[in-house]
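Remarks on the structure that follows.
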Amino acid sequence: MKDKQGDLVQAGVPMLLHLIYSKGDECAILDVVREPVRKRFFFRNGIPVAASSNILNEVLGRLLMQEGIITQKQYESSLEIVLRDKKRHGEVLIGMGLLTPGQLEDFLRLQLKRRLFKLFDWPEGSYRYIKADSIPQNLSNQPLHPASLILEGISLGFYPVSRIKSDLKDWLDKNVKASGSARYKPDDFHLNLQEKRFLENLDGSKTLKEALESS
C-alpha cells in the first residue's frame, strides 16, 4: 500500500488496518476524516501505536474520568499544569500521583483502541495513507496487533453486519482452508476456545457458508 487516499465506502477501517499491516512500512500515518471529525493514526511496521483526534471526549483526561480513575476537579487541575508547563498530560498525571507509568500505558492503549473502534461503523468518510520518514518517538511500547484488534472490534459489534455480509459474499461458496502466512500467525488473533475450534474446522472440505452455518 503506497501513499494513497480514498473513500471508506470502498474500504472500511478493518480492511485498511489489514492492508497497512500487510504492507508493513516502517513509519506511516493514516488520516481519517468525516467532517467535523478528524483523526490521525501513527503506524510502526504496519502496527498502530498512537492516535490523535479532535473529539474532546476522546482525550486522555476524559477517558480517565469515564473510567473513574480521576475526578473532574483533578482533571481540571492537571490541565492547568499542562497548559502552564507545556507538558504531556500523561506526564503531569504521573507527577501528581494519579497514575503509574504502567497504568498510563494501559490507558493509552485503551484510548487508541476506542478511537479505532469508533471508525468501524462509519458508512462514509475519506482516508489518506502516508508513508512517513519518521513518527513521534515517545509512542506506546505495547502496540495493538491488527489481527486481534480487527477480530475484537468485529466480535464486539462495532463493524455492521451488513458490511460483513458484503465483504464475505464473494467467498461464501468457496471451499476455505485456514493456513498461516508470512505476516499473520494464529497467536496474533488471541482466539478463544470457540474461535479456535471454528478455525480448525476450516480444512478445505466445506464452503465458507457451510462452515458458518455449522458453527
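Look at the dipole of the chain built from charges on Cβ: of 129, 164, 194, the Cα furthest out on the positive end belongs to 129.
Taking 0.36 nm per residue of separation and subtracting the Cα-Cα distance, full extension of the segment from residue 126 to residue 110 would add 3.4 nm. For the range 137-215, a Kirkwood radius taken over Cα pairs fed into Stokes-Einstein (10 °C, viscosity 1.306 mPa s) yields D = 111 µm²/s.
Mind ranking 202-213, 22-33 by how tightly packed they are, going by the mean number of other C-beta atoms within 10 angstrom, highest first? It would help to have the intermediate numbers written out before the result.
Working: 202-213: 13.8, 22-33: 17.4.
Per-residue mean Cβ counts within 10 Å order the peptides as 22-33, 202-213.
Converting phi to 3J(HN,Hα) with the Karplus coefficients 6.51, -1.76 and 1.60 and the offset θ = phi - 60°, the range 196-211 yields 4, 5, 4, 5, 5, 6, 7, 10, x, 8, 10, 6, 4, 4, 5, 5 Hz in sequence order, with x at every glycine or proline. Between 0 and 90 degrees, the angle of helix 146-155 with respect to the longest Cα principal axis of the chain falls at about 80 degrees. The angle between the Cα long axis of helix 13-23 and the main principal axis of the chain comes to about 80°, on a 0 to 90 degree scale.
Please give me, ordered by residue number, the GluC sites (Glu not before Pro) of the range 39-147 that lie in loop per DSSP and have at most 16 other Cβ atoms within 10 Å. Display every interim value, and only then the final one.
Numbers: sites: 58, 67, 76, 80, 91, 105, 124; in loops: 67, 124.
When the GluC sites (Glu not before Pro) of the range 39-147 are filtered for loop state and at most 16 Cβ neighbours within 10 Å, 67, 124 remain.
Apply 1/(1 + (r/R0)^6) to the Cβ-Cβ distance of residue 170 and residue 27, taking R0 = 35 Å, and write down the FRET efficiency to the nearest 0.05. That pair, residue 170 with residue 27, gives E of 0.60.
When the accessible area of the chain is split by element with a 1.4 Å probe, what percent falls to carbon and sulfur?
51 percent
For the set 73/113; 39/87; 113/169; 177/209; 39/113, the pairs lying more than 18 angstrom apart at their alpha carbons are 73/113; 39/87; 113/169. Under a model in which nothing but the beta-carbon of Lys, Arg (+1) and Asp, Glu (-1) is charged, the chain shows a dipole of about 280 debye around its Cα centre. Rounded to the nearest 20 debye, the dipole magnitude of the range 1-66 is 80 debye, with +1 charges on Lys and Arg beta carbons, -1 on Asp and Glu beta carbons, and the Cα centre as origin. Amide hydrogen proximity for residue 44: with H placed 1.01 Å from N in the peptide plane, the residues at 5 or more positions away or on another chain lying under 5 Å are 49. One entry in [x] 15.1; [y] 12.2; [z] 13.6 is mean projected area of the Cα convex hull in nm² calculated from the shown coordinates; its label is [z]. Working note: 222 nm ellipticity from helices only, DSSP H runs with n ≥ 4, each -39,500 (n - 2.57), summed and divided by the residues of the chain, gives -12000 deg cm²/dmol to the nearest 500. The label-point distance for residue 38 and residue 65, in a model that sets each label 7 Å from Cα toward Cβ, rounds to 2.4 nm. Heavy-atom accessible surface of the chain, averaged per residue, reaches 60 Å², computed with a 1.4 Å probe.
The values are calculated or read from the model by the stated rules, or taken from the named source; none is laboratory data. This structure is a prediction, so every number in the text was calculated from the model and none was measured. Cβ sites come from the backbone with ideal geometry, for glycine too, and all protein chains shown count toward neighbours. What goes into the accessible areas is simple: the full protein's heavy atoms, side chains included, and nothing from ligands, DNA or RNA. Shrake-Rupley method; radii C 1.70, N 1.55, O 1.52, S 1.80 Å.
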